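Asker: Please see the structure below; I have some questions.
The values are calculated or read from the model by the stated rules, or taken from the named source; none is laboratory data. Note that the coordinates shown come from a computational prediction; the quantities given were computed from them, not determined experimentally. Positions of Cβ are backbone-derived with ideal geometry, glycine not excepted, and every protein chain shown enters the neighbour counts. In case anyone asks, the SASA skips ligands and DNA or RNA and just uses the protein heavy atoms, side chains included. Shrake-Rupley method; radii C 1.70, N 1.55, O 1.52, S 1.80 Å.
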Amino acid sequence: MKLLAILLALVLDCVLRRPRAGVESAVWAHEWSRKIVGALGVEWSVAGRLPESGAVVSNHLSYLDILVYLSVRPFVMVAKSEVEHWPLLGKITQRAGTVYVQRGGGPSTYGAVNAAMAAAYRSGLPVLFFPEGTTTDGQSGVLPFRRGLFHSVLNEGVELRTAAVRYELVDSANEGASVARDVCWVGDDYLGPHLFRLLGLRGVKAEIQFGDEVRARGDRFVLSEGARGVVVEMCEGALVSELVGV
């Protein structure tokens, strides 16, 4: 009931309120994301210094990643263009001033994307994107990073930070459920049934770790590989901690 009330209030707010693009939009999305994540019963924690500006890259496990990151602090998000048309999350990302990127758009889209990224950096907020280009179940490692958006980091001369997100189920009532199947959203799984399973879970915890600046910036290849290496280390470190019970 609490979640339904929040979603109804969000829909009404979307109709009545139009926050200005930039900081105001990001703060709006931050406030609503916190409410939704809380209503979902997802607890989150953060390690490392919060980014204040520049670019941040992360591994990608679920649509839930967007809400969890926005709960931590206001970000300008970068998402695939399909997200704009998703129910609920599409409205949130639209109002948040998200930069939408068409997958496989080719060189004809580069100019518009780079211009949108430059404007996002000028907002003074950190700009978060997921360079794997898709979600994974967290068990098969971090996919190779797509290099396109790293152009904007170099072109605008902004700092690049890394981040890693992981999820955990800590409630024994989740019999038969798993993070890989019921929290991570991958492959051909339909959004509706997956969201229904997620709503039935108890004790979902999200952990976000922020890394330091990636300083090797020779070109987009060097920058993307350096960033991926750090994200891989953070993800593998989280997996080891989970296995040994640290």
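Asker: Sorted by accessible area (1.4 Å probe), largest first, how do Trp185, Trp28 line up?
Answerer: Trp185, Trp28
Asker: With a 1.4 Å probe and every protein chain left in place, tell me how much accessible area Glu82 has, in Å² to the nearest 10.
Answerer: 70 Å²
Asker: Just name one of Leu160, Val170, Trp185: the one whose Cα is farthest towards the positive end of the charge dipole of region 142-246 (beta-carbon charges, Lys/Arg +1, Asp/Glu -1).
Answerer: About the Cα centre, the residue reaching furthest to the positive side is Leu160.
Asker: Let me ask you something else. By the scheme Lys and Arg +1, Asp and Glu -1, what is the net charge of all other residues having a beta-carbon under 10 Å from that of Lys91?
Answerer: Local net charge: -1.
Asker: Please list, in order, the residues from region 129-153 whose amide nitrogen is less than 15 Å from a point placed 7 Å along the Cα→Cβ vector of Ser178.
Answerer: Those under the cut-off are 136-141.
Asker: Got a sec? What order do Asp137, Asp13, Asp65 fall in by accessible area at 1.4 Å, biggest, i.e. largest, first?
Answerer: Sorted by accessible area, descending: Asp137, Asp13, Asp65.
Asker: Along the principal axes of its C-alpha atoms, what lengths does the chain span, in descending order and rounded to whole Å?
Answerer: Its Cα atoms span 50, 50, 33 Å along the three principal axes.
Asker: Would you mind working out the accessible area per residue for region 45-131, using a 1.4 Å probe, and quoting it in Å²?
Answerer: So region 45-131 comes to 36 Å² accessible per residue, rounded to a whole number.
Asker: Provide Ser81, Ser62 ordered by accessible surface of protein heavy atoms (probe 1.4 Å), highest first.
Answerer: Ser81, Ser62
Asker: So how strong a dipole does the chain carry about its Cα centre when Lys and Arg Cβ are +1 and Asp and Glu Cβ are -1, to the nearest 20 debye?
Answerer: Using only the charged Cβ atoms, the result is roughly 760 debye.
Asker: For Thr135, tell me the accessible area in Å² from a 1.4 Å probe, rounded to the nearest 10.
Answerer: 30 Å²
Asker: So, one more: Using alpha-carbon pairs under 8 Å, 6+ residues apart, how would you state the relative contact order of the chain in percent?
Answerer: After rounding, I find 26 percent.
Asker: Kindly count the pairs of lysines across the chain whose alpha carbons are less than 17 Å apart, treating pairs on different chains or eight or more residues apart as eligible.
Answerer: 4
Asker: Nearest 500 deg cm²/dmol is fine: what mean residue ellipticity at 222 nm does the chain get from its DSSP H runs of n ≥ 4 alone, each adding -39,500 (n - 2.57), divided by its residue count?
Answerer: Mean residue ellipticity, 222 nm, calculated: -13500 deg cm²/dmol.
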